[in-house]
Amino acid sequence: MTDWLGMSVPPRTPRPELKGRVLARALARRRRWPLAVAAALVVVAAGVGSAWWAQRTITALAAERDRLAARVAALEDTVSSFIHDPATRLVQVPVSTGGRVGSVTIFADSARHRWLVRCDGLAPNARDQAYQLWFVTDKGMQPAAVMAMDRDQPMVMGLPLPRAGEQVRGAAMTIEPRAGSASPSGPMVFHLEL
Amino acid sequence: MRRLKARDEHALRELYEALAPWVLGLAYRILHDEDEAEEVVSDVFVKVWRHVHRHDPRRGPLVPWVLSITRNRALDELRRRRRWWRKADRLGQAQGPGDELENPAPHEATVPGWPLHREVHAALATLPDELRRVVTLAYFEGLSHSQIARRLQQPLGTVKTRLRAAHHKLTDQLAHLKDWLE
C-alpha cells in the first residue's frame, strides 16, 4: 500500500539544469575509471621507481660500508703493529694548552721508521693558528706535521721519519700560523729528548 | 529495467524524464525546500543507477521502489534537519492542517504517470480525515506510532488501529495498480 503513496503527491517540474547535474553525477563513476586507472599507474610507477632508487642506494651504501670496514681493519692492523711491536717505544708527554692539561702519546717504531702520534686534551686553536709537530734531529728541527685543532677531540696520525742520515733524537710541538712554518717560531708546547 | 541493468545510459535519461517530477514532488512534499528536494533527486537517481541490480521485480515494480528510495532519503534529510530547532518552526508553519492533500493542477495532466497519481490521490482522499491524518504523519513525516500519538494527543492504541484500517482500505483500492514503466 505505502509503496504507491508517493504517487499521491503532485509532480513538480525540475529546473532544466538539474537534469545535467544529476546525470553527470550518476554517470561520473564510470567515467572516473580511466582517471582511477591512470592514478593507479602513477602510483605503481612511483612505487617501482622508489624501489629501484632504494635498491641502488642500498647497493651503494653496502659498497661504502665494505670499503670503510676494510680501511678500519687496515688501520687497526697498523695501530696494533705499532703498539705491540717489540721495536716500538712508547712515550707520553703531558702538555698544557690554553689552561688545559692534555697529553701527546708517541709510539716510536724504530724498525719501520715511523711514529704514531695521539694527541689528547689539546685546546682548540685560534682560527689563524695550528699546532705543529717537529722531529728533533742532529741537524736541527724538521717539520713533522701541522695539526689544526678546530674541535675538542683526540687526534691520531701516522708519521714517516725523516730520510736516512738524520738521526731523530726527540720531538717538539709549537703553535704556528695555520699554514705551518719551516722552522719553529711560536710558543713551545713541549720539547722532548727521546 | 533491463536496459538500466545493462548500463544503458539512455535508459537512465529516459527514467529521469519519466520520474524526476514525481521524485521531486515527493521530496518537496516531505522537505518543503526546493534546494534540499533537488539534492534528494540527485541522490536518488545516483542510487538507482548504481544499485539497480539490487531491485527484484518479483518484489514490486520499479516506480514504487524509486519512490521508496526517495521517501527514505528525504526523511533522513528531514530528521537531520529536525536536529536544528531553528528550522523546526518554519517546517511547522509550512505543514499546516490543510497541507496534506494538494489539488492536482490540470496543466500537469500531460506528465507521464498522471493517471496513476489521480488514482492514488483519490484513494487517499476517500479516507476519513482521522485515518488520512495518521497516514500522512507516518508516510510523509516519518513519525513513529508513539510520535503520532503524542502529536495528535491520542492513545497509542487508537493510532495503531487507525493506521491498520487505513492500510486495509488503501490496499483494497490500490491493489490493481501497475507500473507504467517497463
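The values are calculated or read from the model by the stated rules, or taken from the named source; none is laboratory data. These figures come from a predicted structure and were not determined experimentally. For neighbour counting, all protein chains shown are included, and Cβ atoms are generated from backbone atoms with ideal geometry for every residue, glycine included.
For A:Leu194, the conditions (1) out of contact with any Gly (no Cβ under 8 Å at 6 or more places or on another chain); (2) among the hydrophobic types (A, V, I, L, M, F, W, C); (3) surrounded by fewer than 16 Cβ atoms within 10 Å (Cβ to Cβ) all hold with the exception of (1).
Residues are listed down the side, and each one gets a yes or a no for (1) at pLDDT below 80; (2) within 17 Å of B:Ala138 (Cα to Cα); (3) out of contact with any strand residue (DSSP E or B) (no Cβ under 6 Å at 6 or more places or on another chain); (4) β-branched (Val, Ile, Thr):
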| position | (1), (2), (3), (4) |
| --- | --- |
| B:Asp35 | no, no, yes, no |
| B:His51 | no, no, yes, no |
| B:Gln95 | yes, yes, yes, no |
| B:Pro104 | yes, no, yes, no |
| B:His107 | yes, no, yes, no |
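Note on segment B:1-43: residues that are assigned to a helix (DSSP H, G or I) and either within 8 Å of chain A (Cβ to nearest Cβ) or not aliphatic (A, V, I, L, M) (or both) amount to 27.
Condition check for A:Pro10 on (1) within 14 Å of chain B (Cβ to nearest Cβ); (2) of a type outside the set (Val, Ile, Thr); (3) assigned to a helix (DSSP H, G or I): one failure, at (3).
So, in segment B:49-87, how many residues would count as being within 12 Å of chain A (Cβ to nearest Cβ) and either in contact (Cβ under 8 Å) with a residue 60 or more places away in the chain or over 16 Å from the mean Cα position of the chain (by Cα) (or both)? Count: 11.
Quick check: anything in segment A:171-191 surrounded by 16 or more Cβ atoms within 10 Å (Cβ to Cβ) and modelled with pLDDT under 90? No, the conditions are met nowhere in segment A:171-191. As a summary of the residue check, A:Thr105 satisfies the conditions (1) in a loop (DSSP other than H, G, I, E, B); (2) of a type in the set (Ser, Thr, Tyr); (3) under 22 Å from A:Thr88 (Cβ atoms) except for the one numbered (1). Just one of (1) part of a helix (DSSP H, G or I); (2) away from chain B (no Cβ under 14 Å); (3) surrounded by 10 or more Cβ atoms within 10 Å (Cβ to Cβ); (4) of a type outside the set (Phe, Trp, Tyr) fails for A:Pro34. It is (3). Would a scan of segment A:64-86 turn up a residue that is outside any helix (DSSP H, G or I) and touching a residue at least 24 places away in the same chain (Cβ under 8 Å)? Checked against the condition, which is being outside any helix (DSSP H, G or I) and touching a residue at least 24 places away in the same chain (Cβ under 8 Å), segment A:64-86 yields at least one hit. Of the residues in segment B:45-85, how many are of a type in the set (Phe, Trp, Tyr) and surrounded by fewer than 17 Cβ atoms within 10 Å (Cβ to Cβ)? Residues that pass the stated criteria total 2.
Within segment A:125-157, the set of residues being assigned to a strand (DSSP E or B) and more than 18 Å from A:Ser103 (Cβ to Cβ) comprises A:Gln129, A:Ala130, A:Phe135, A:Val136, A:Thr137, A:Gly140, A:Met141, A:Gln142, A:Pro143, A:Val146. Could you say whether any residue in segment A:37-58 is charged (D, E, K, R), surrounded by 10 or more Cβ atoms within 10 Å (Cβ to Cβ) and more than 31 Å from the chain's Cα centre (by Cα)? Checked against the condition, which is being charged (D, E, K, R), surrounded by 10 or more Cβ atoms within 10 Å (Cβ to Cβ) and more than 31 Å from the chain's Cα centre (by Cα), segment A:37-58 yields no hits at all.
Quick one: in segment B:138-167, which of the residues that are among the small types (Gly, Ala, Ser) and outside any helix (DSSP H, G or I) is nearest to the other protein chains (Cβ to nearest Cβ)?
Step one: list which residues in segment B:138-167 are among the small types (Gly, Ala, Ser), which gives B:138, B:142, B:144, B:146, B:149, B:157, B:165-166.
Those still in the list that are outside any helix (DSSP H, G or I) too: B:142, B:144.
Working: B:Gly142: 12, B:Ser144: 14 Å.
Among residues in segment B:138-167 that are among the small types (Gly, Ala, Ser) and outside any helix (DSSP H, G or I), the one nearest to the other protein chains (Cβ to nearest Cβ) is B:Gly142.
The condition of being surrounded by 15 or more Cβ atoms within 10 Å (Cβ to Cβ), part of a helix (DSSP H, G or I) and away from chain A (no Cβ under 12 Å) does not hold for B:Val135.
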